[in-house]
1. With respect to the numbered conditions (1) under 34 Å from the mean Cα position of the chain (by Cα); (2) surrounded by fewer than 17 Cβ atoms within 10 Å (Cβ to Cβ); (3) on the phi < 0 side of the Ramachandran plot, which one is the sole condition not fulfilled by A:ASP411?
2. Find the strands (runs of 3 or more DSSP E) located wholly in segment A:54-147 whose residues include 3 or more that are closer than 20 Å to B:PRO75 by Cα and over 15 Å from the mean Cα position of the chain (by Cα), and list them.
3. What is the one condition in (1) more than 28 Å from A:ASN87 (Cα to Cα); (2) open to solvent by 40 Å² or more (accessible area, probe 1.4 Å) that A:VAL221 does not satisfy?
4. Any residue at all in segment B:190-203 that's farther than 30 Å from A:GLU89 by Cβ, in contact with a helix residue (DSSP H, G or I) (Cβ under 8 Å, 6 or more places away or on another chain) and part of a loop (DSSP other than H, G, I, E, B)?
5. Enumerate the pairs (first residue in segment B:81-101 and under 17 Å from B:GLY159 (Cβ atoms); second residue anywhere and open to solvent by 10 Å² or more (accessible area, probe 1.4 Å)) with beta-carbon separation below 7 Å, excluding pairs fewer than 6 apart on the same chain, so at least 6 apart or on different chains.
6. Could you figure out which of (1) within 14 Å of chain B (Cβ to nearest Cβ); (2) charged (D, E, K, R); (3) assigned to a helix (DSSP H, G or I) isn't true of A:ASP168?
7. Look at B:ASP249 and say whether it is of a type in the set (D, E, K, R), open to solvent by less than 60 Å² (accessible area, probe 1.4 Å) and part of a helix (DSSP H, G or I).
Amino acid sequence: MKKGIYTFLLLAAVLASCNDSTVAIFEKTADERVNEAITALKEDLTAPTNGWKIKYRPESGSGSFYVFMKFEENGSVRIRTDLGANNGEFFDQIITYRVDNRLGLELIMENYCFFSFLFEQDGATFGAEFEFSFVNKTPDDALVFRSKTDVSDATILLFEEAGATEADNTLGTELATNLNILASDLANFAPSIKLTYTNKDLLFFISLDNFKRTLSFTAAVRKTNTQITQTVNFGTPYTIIGDSVVFDTPLTGTFVGNNITIKSIKFNTLTDGEINVCADPIPIHGYTGVTSSNDAIIIETRLLDAKGAAFATLSDFYFCPLGNIVDNGQFVADKVAEDVKGAQAMQLYYNYDLGGGPPFYAIGFYIQNTNGTVTFALREFTPVLNNNNLVFNFAPDFSIFGSQQTDANIDNINIYLDALADGDNTYVFEYAPNVYEFFNPCTGWSFVFINANQ
Amino acid sequence: MHTKIKSILIIGALLSLTTSCFQDESVSAPVKTNPVSDDPIDIYIQTNFIDKYGVAVRYRYVDRYVDQNKRVTPPKRELVEPMLDFLTDFWVDPFINVPNGRKFFEDYVPAEVIFIGSTIYNADGTVTLGTADAGARITLSEVNDIDITNKNWIFRQLGTIYHEFAHIMHQRNNLPPSWQEISPQGYTSLGSWYNLTDEEALQRGFVSPYGTSTFNEDFAEVVAFILYKPDFYERYINDEVGCTTSDCDLRNEGRAKLRRKYNAILSHYQQYVGVDLLEVRAIIQAKL
């Protein structure tokens, strides 16, 4: 009996000890606390008079962009950058933003902008982002965000308070525009640029990626004797600051007898020029500048690509998916499929061993017929390769391998071979390792072939 | 006596249990309200879509609108209103301007339309043009490519809109009677429709390879093609005359099946919602 009474008293004491003050751990509801956190972050974002400055590197191998953002209480944000794409669309933009709460506080750029443009590059595989998770506020009142969409190695963004004239002094919109103009001179994917020293017997061949902000030096050549060359394998991300391109990693070394160091290049004047290989001159540009070592230079678009000719030795078989055929910037896969019914891809046999006999050189289409058979419709050719200029010298007729009966109109293949080889003006550029762009500057057509033996 | 005391103790304990905590706790929670936006685009949507038809158009990026395995970008602000006008022109107006069409549109329009700026990039490198979720939401991609002089872009958008809108019809009213019996051998096994060519699909009695994937997709594809394909009759309904090849004969066999589907769909819309799809088609074609 006593045991029962003690149990009762103990139970009553435990239950009676419950009261509001111990259960109500938080004085406010979850919604109230979330709203307060959102409001606080929004207040932080809108606080700086001149907004924020961010040095933004979308992914580890890319260069960096300076970004200036001024957040307003009404949910709009002004974003200023020097990304020169889309005719300067991203130099100065006003979009809407949202501070939200999911697993934590987030900053979302709600409309298409500088960040989403970069996010969409390379089929949305380039590691940019437009959704950010808030990390913390530093002791000196900077804000730290982390990419919400990077699968690994998440980009960290440090928002630092911007000075009154810092955006104007930092952003290199004119330089970015001029570099875009120069890189677009030939409307091909893999522009080759020549960097010439005006005070030294030296020029470099370089390639430039304006969106990823990377520079590659591929070869050094003596100006006075272009037979003296040196292979260069140097690449660096870069940042634009005002009128200068600043290398992440300086170029240092001895190149065809010249001791060279480049940490940055300050650019001056965009000049006009032309290339005369077609019936009409092709307008191109040069851009004068001074390196960090005080050497005067000029960069110019060129058809010569020191690495382009290497395709001939790298592989004996290349293919070009229909999606890699481009007419003056327009992808024409649908038209090709219409003209050459059943076409799956172009093929290029270059010094191919057919199992005895002379080496096989041919280019044409691989065709899937509706009856399940396959046809290879190829034009054989006798090549002459002068640096990266490939002259085909086609045989008069097609060689048909596989099924002789095909749904395709074989004659239509000549539409594309003519676009490629017109005027013997096919130039080969290295687009990426094992990927080569066959470009005709006179027709404006590009065919991007991939090494099939990889 | 023991039992009596025990009972009193238990009752006391229960009373204590039910009264000792949170005597004044209320279950009423504050009602959440969203402030009315004064953004001109939001006002435009409120006036022309939410108030009129009860359909909300989402153009500000919210990641939960898209499968987390897909990568997309938001639309450009300046292109949202042109895209809304495009929807009004080619979706709303053609339906509400035919007899019974307004009621049909208001009753069947999905609750949400999502605008995506880019194409929808899938993890495997392919892209998706548009999606619909259980008749409640239509997602339209490539808004940033809007170009009403570009027939390819227009057809891609219309194909998505009409296709997804047609799904709501069969979700509410089932498929037309005997639909499954028209071309039962023509459907493909799961996930293999993309191995077919347009020609093979036609020979099987379908307007597209995707239509062979399920009965429902077949229905939605035919409805969409009826509405927006300018050459619908030449390509899918009218027989080729004087066939001299087996392929030609097979295409005509496919067209015979498509004529049955075509008639079944027209009757279905007439019977359940009183809308003549051919009148809708005529309005759309006049705009193209």
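The values are calculated or read from the model by the stated rules, or taken from the named source; none is laboratory data. As the structure is a computational prediction, the values presented were derived from the model and not from experiment. Cβ sites come from the backbone with ideal geometry, for glycine too, and all protein chains shown count toward neighbours. Surface accessibility is based on the protein's heavy atoms, side chains included, excluding ligands, DNA and RNA. Shrake-Rupley method; radii C 1.70, N 1.55, O 1.52, S 1.80 Å.
1. Status for A:ASP411: all satisfied but (1).
2. A:76-80, A:92-101, A:105-109
3. For A:VAL221, the failing item is (2).
4. yes
5. Taking only residues 6 or more apart or on different chains, the pairs are B:MET83/B:ILE146; B:PHE86/B:ILE146; B:PHE86/B:ILE148; B:ASP89/B:LYS287; B:PHE90/B:LYS287; B:PRO94/B:ILE283.
6. Answer for A:ASP168: the failing condition is (1).
7. On the way: of a type in the set (D, E, K, R): yes; open to solvent by less than 60 Å² (accessible area, probe 1.4 Å): no; part of a helix (DSSP H, G or I): yes.
In short, no.
One line per residue, one yes/no per condition, for (1) within 14 Å of chain B (Cβ to nearest Cβ); (2) under 24 Å from A:ILE181 (Cβ atoms); (3) open to solvent by 10 Å² or more (accessible area, probe 1.4 Å); (4) modelled with pLDDT under 95:
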residue: A:GLY63; (1), (2), (3), (4): no, yes, no, no
residue: A:ARG78; (1), (2), (3), (4): yes, no, yes, no
residue: A:ASP82; (1), (2), (3), (4): no, yes, no, no
residue: A:ALA85; (1), (2), (3), (4): yes, yes, no, yes
residue: A:THR138; (1), (2), (3), (4): no, no, yes, no
